[in-house]
Amino acid sequence: MGLIATWTRSQFNLNKTTLQSYSRTSYGPQISRFYGVVHAGGPAPGSNAAIAGIVSAAYNRNVGIVGFINGFKGAMKGDAIKLEPCLVSEIGSLGGVAIGTSRFNPKEEDRKKLIESFDKWGIKGLIAIGGDDTNTTASRLSKMGFPVIGIPKTIDNDIPGTSETHGFQTVVQKTAEALKALKRDAQCQDSPCIFLAEIMGRKSGAWTFEAGRSAEATAMYIPEEFSLNGLKTVLGSDNFSGKDYVLNRAARLLRVNGKILDTISFIKAIENSDKDPVDLKLDASALADEIVRVIAKRDKFGIPYGVFAIAEGISDKLPTEVSSIGEDGLPSAFKVLGLGKEVEIKVDAHHNPRLSDVKISDHLSRLVKESAKKAGVDIKVVAQTFGYQYRCVDPIAYDKNLGLAEGFTALEALDEGKSGMMVSSLGNGKLTLVKYEDLPYDESGHLIPRQYDLSSFSYKQGIANQFRKSYENYEDVR
């Protein structure tokens, strides 16, 4: 309670006061310049550590740090807090975001006003902690001439230009523990039982695959396996014993230009897609049949249980159609097809379809039950969702240390006159800076999220384990 009260007393509005009145620290040194820090998007374990790392580096240089309350929304209004070492000394180990966050995305006019306000308030530069949306905004502010350094933040681990983001290892560990508990639960049942575990991650399957790999889930289904680029990566991979398993499974589950093809025809269509474009859509009913097929075969080997880790991003591979257009001319809602009932989802503040609203595990649960009934297989099916409950857990030591290092690196870079760059992790505690201009962008100028690498050792090992658990290379036992 004391910490909360201290933070509340330290808040102020920059339109009603001046930073000159905050130019002396509580422990003596005179502050020569101020930088701002903003956290935007969803929370992630390790974000507080990044803030603490920024403040630690700043006060070694007699630099003041102003934290903007609730992301860019607070920055637009001038709502701020002066961050000193005594205020942030205990937050690094805590989940959540001490300065608050929001999904407000400043448009061009907002960004102009923001820069004008920063100049008026005496803010000499900004550190932006966030995902691909936030770092897109940071890159645009830097192009407009304002000094900005970005820190990548997302539990989805899908930001381009870095190998990892703080919070990812924490949520993988927590989710893996939960999946292992579900597997034991299913094993205890007196009849065939499976859990369908839907895991957050937007369009990336990194969280799902790594958690499932650690928990030795029965199978994992991620969006990259149902994408053209991902399948081409698998086709081009050398020394991949699970290649046939992945391609055979994809052929059973994907409609190519509206049709399910045999594996040979499927592979040819992928290989010739540069000349003859293909439209790949996931068949949810086929996926349900696949799950029933796997558990039925395991049952014959005396293993009538399983945990299937399903990335929420596979919802993006289902057929959809725009159902509503907003005043800005952009889609405001989509209909998701092929689930046996009408499903409509809205878009978020950045016009991304809210994939979590599909609730794919609930629909798959219903479809699996229907498929099992037709096949004469008795299976208990339970759907579970993992995501929000882990966004604000306390970070494990790895993510705390990564956040601290990211914050320290960002502040030093900004104070040395660098701008238009993002902190990048090379793994094993090594950090560098990448230029925003060197990162991939789509036609609208938005950063393109990074996909899980299907050529990686992690993927190949995880697939090998799935192949073994599916008993696909064994004849039916009667």
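The values are calculated or read from the model by the stated rules, or taken from the named source; none is laboratory data. All figures in this text were calculated on a predicted structure; none of them were measured in a lab. A quick note on method: Cβ atoms are made from the backbone with ideal geometry, for glycine too, and the neighbour counts reach across all protein chains shown.
Remarks
- Positions within the stretch 412-432 being outside any loop (DSSP other than H, G, I, E, B), in contact (Cβ under 8 Å) with a residue 40 or more places away in the chain and more than 26 Å from residue 238 (Cβ to Cβ), in sequence order: 412, 413, 414, 415, 421, 422, 423, 424, 425
- When 298, 249, 293 are screened for being in contact with a strand residue (DSSP E or B) (Cβ under 8 Å, 6 or more places away or on another chain) and of a type outside the set (Asp, Glu), only 298 passes.
- Scanning the stretch 267-293 for residues that are free of Cβ contacts under 8 Å to residues at least 40 places away in the same chain and over 30 Å from residue 192 (Cβ atoms) gives 267, 268, 269, 271, 272, 274, 275, 276, 277, 279.
- From the options 423, 381, residue that is buried (at least 22 other Cβ atoms within 10 Å of the Cβ), among the β-branched types (Val, Ile, Thr), modelled with pLDDT of 95 or more and not assigned by TED's automatic domain parsing to the domain that holds residue 94: 381
- Residue within the stretch 231-254 that is among the β-branched types (Val, Ile, Thr), closer than 15 Å to residue 453 by Cβ, buried (at least 19 other Cβ atoms within 10 Å of the Cβ) and out of contact with any Ser or Thr (no Cβ under 7 Å at 6 or more places or on another chain) present: yes
- Residue selected from the stretch 245-258 under the condition among the hydrophobic types (A, V, I, L, M, F, W, C) and part of a strand (DSSP E or B), by the criterion nearest to the chain's Cα centre (by Cα): 254
- Taking the stretch 124-166 as the range and being of a type in the set (Gly, Ala, Ser) and either closer than 30 Å to residue 108 by Cβ or more than 20 Å from the chain's Cα centre (by Cα) (or both) as the test, the residues that pass are 125, 128, 130, 131, 138, 139, 142, 145, 150, 161.
- Elements of type strands (runs of 3 or more DSSP E) contained in the stretch 29-91, each with 1 or more residues being surrounded by fewer than 20 Cβ atoms within 10 Å (Cβ to Cβ): 33-39, 79-83
- One residue from 81, 69, 65, 115 being more than 25 Å from residue 136 (Cβ to Cβ) and assigned by TED's automatic domain parsing to the domain that holds residue 134: 81
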